[in-house]
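*Asks:* Could you have a look at this structure, given as structure tokens, before my questions?
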Amino acid sequence: MLALARRLLWAAASGAGWVGMGCSAPPVEKPPAPDMAELVAVYDTPDAAFESGDASEIALAIALIDELLERTELRERLVDLLAAVLREATELSGGEDEMFDLDFDAGGYMIVTRICSGWTLPARPDRDANGAILVTATFSQDGLDPIVWGSAQACRYRVGDALIELDQVAASAKAVSVYWGKAPSELDVSERTLLVDLNLEAAIDSERLALDIDFRSLEDGTLEYRIPRPGGSIIARVGAADRVTLRASNGTFDCDAELSCGEARASEAP
């Protein structure tokens, strides 16, 4: 993805920049962010129990999500896009790029449009041909708000030889929502925990798939997946040597690649 454009709207605290005797800046109504509180809570405290007889179903669910993220490189591309949002916010606030030091005078929002790189080589920025991702970020005098979200418009790009297209689900207003927590300017995006909720339609080499999934990317790049189960969800973390850590309402379990699991000792639990 390349060729960044932006549209910025903010409420000026003093009305500076507006022409006319006695005029002041009109108030800006920030668009409401998606409600991610329930999803954040489930990742922090899973609400379904793990049963050993469910291991094969859970292993299949992990493998499917892992494959989709690998084939589309969505985690890497989202990190790149969110870093661009921070750069734009830094420029708007007058802060330093390297520190992402944000100091807004008032509240408002910004819309960052990322034109996708397309399928041809070399890549060329052409929105009509390649589509785009539009990301909305809101802010206040305290900095950027904890959630950003966006829409997809037939975004085309390559992963190796694979041709990827991401598009909006017709009934959904938000294709991707990201919780990056309080004061996201303090760290580079790649060093932050990101909770990502996807509701996309994807085409991979013309094979159409629904990407109605969520995942959490931790500071070290490790991924956690929410696995729906009867009565709630458990959280699966894939580590080195394909070992899996499962967090459930009835404890934390350490599993091998085949999901043969034993309850983790307290020192091993995340």
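*Asks:* Can you pull out the residues in the stretch 243-260 that are among the aliphatic types (A, V, I, L, M) and free of Cβ contacts under 8 Å to residues at least 60 places away in the same chain?
*Replies:* ALA257 - this is the single residue of the stretch 243-260 that is among the aliphatic types (A, V, I, L, M) and free of Cβ contacts under 8 Å to residues at least 60 places away in the same chain.
For (1) of a type in the set (A, V, I, L, M); (2) in a strand (DSSP E or B); (3) under 17 Å from GLU51 (Cβ atoms), each residue gets a yes or a no:
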{"residue": "LEU209", "(1), (2), (3)": "yes, yes, no"}
{"residue": "GLU219", "(1), (2), (3)": "no, no, no"}
{"residue": "ASP254", "(1), (2), (3)": "no, yes, yes"}
{"residue": "GLY262", "(1), (2), (3)": "no, yes, yes"}
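*Asks:* Might you check whether a residue that is farther than 30 Å from ALA162 by Cα, touching a residue at least 24 places away in the same chain (Cβ under 8 Å) and over 17 Å from the mean Cα position of the chain (by Cα) occurs anywhere in the stretch 54-75?
*Replies:* Yes, some residue in the stretch 54-75 is farther than 30 Å from ALA162 by Cα, touching a residue at least 24 places away in the same chain (Cβ under 8 Å) and over 17 Å from the mean Cα position of the chain (by Cα).
*Asks:* Does any residue of the stretch 195-203 turn out to be within 18 Å of ARG87 (Cβ to Cβ) and surrounded by 15 or more Cβ atoms within 10 Å (Cβ to Cβ)?
*Replies:* Within the stretch 195-203 (the criterion being within 18 Å of ARG87 (Cβ to Cβ) and surrounded by 15 or more Cβ atoms within 10 Å (Cβ to Cβ)), the answer is no, since none of the residues qualifies.
*Asks:* Just to check your reading of the model, which residue among PRO125, PRO146 is out of contact with any Pro (no Cβ under 8 Å at 6 or more places or on another chain), farther than 24 Å from GLU70 by Cβ and either in contact (Cβ under 8 Å) with a residue 24 or more places away in the chain or not charged (D, E, K, R) (or both)?
*Replies:* That would be PRO125, the only listed residue that is out of contact with any Pro (no Cβ under 8 Å at 6 or more places or on another chain), farther than 24 Å from GLU70 by Cβ and either in contact (Cβ under 8 Å) with a residue 24 or more places away in the chain or not charged (D, E, K, R) (or both).
*Asks:* Let me ask you something else. Assuming ILE115 fulfils every condition listed in (1) touching a Gly at 6+ places or on another chain (Cβ under 6 Å); (2) closer than 30 Å to ALA154 by Cβ; (3) modelled with pLDDT of 90 or more; (4) not polar (S, T, N, Q) apart from one, which condition is it?
*Replies:* ILE115 satisfies all of (1) touching a Gly at 6+ places or on another chain (Cβ under 6 Å); (2) closer than 30 Å to ALA154 by Cβ; (3) modelled with pLDDT of 90 or more; (4) not polar (S, T, N, Q) except (1).
*Asks:* Kindly provide the set of residues from the stretch 136-178 that are touching a helix residue (DSSP H, G or I) at 6+ places or on another chain (Cβ under 6 Å) and at pLDDT 80 or above, ordered by number.
*Replies:* If the condition is that a residue be touching a helix residue (DSSP H, G or I) at 6+ places or on another chain (Cβ under 6 Å) and at pLDDT 80 or above, then ALA137, LEU144, ARG156, ILE164 are the ones that fit.
*Asks:* Scan the stretch 43-67 for residues that are within 19 Å of LEU259 (Cβ to Cβ) and crowded, with 17+ Cβ neighbours inside 10 Å and jot them down.
*Replies:* PRO46, ALA48, PHE50, ASP54, ALA55, ILE58, ALA59, ALA61, ILE62, ILE65, listed by residue number.
*Asks:* I would also like to ask the following. Scan the stretch 1-50 for residues that are at pLDDT below 90 and of a type outside the set (A, V, I, L, M, F, W, C) and report the count.
*Replies:* Of the residues in that region, 13 qualify.
*Asks:* With the checklist (1) modelled with pLDDT of 80 or more; (2) surrounded by fewer than 15 Cβ atoms within 10 Å (Cβ to Cβ) in hand, flag the one item GLU96 doesn't pass.
*Replies:* Only one criterion is unmet by GLU96, namely (1).
The values are calculated or read from the model by the stated rules, or taken from the named source; none is laboratory data. Given the structure is predicted, the values throughout are model-derived calculations rather than measurements. Neighbour counts run over all protein chains shown; Cβ positions are idealised from the backbone, glycine included.
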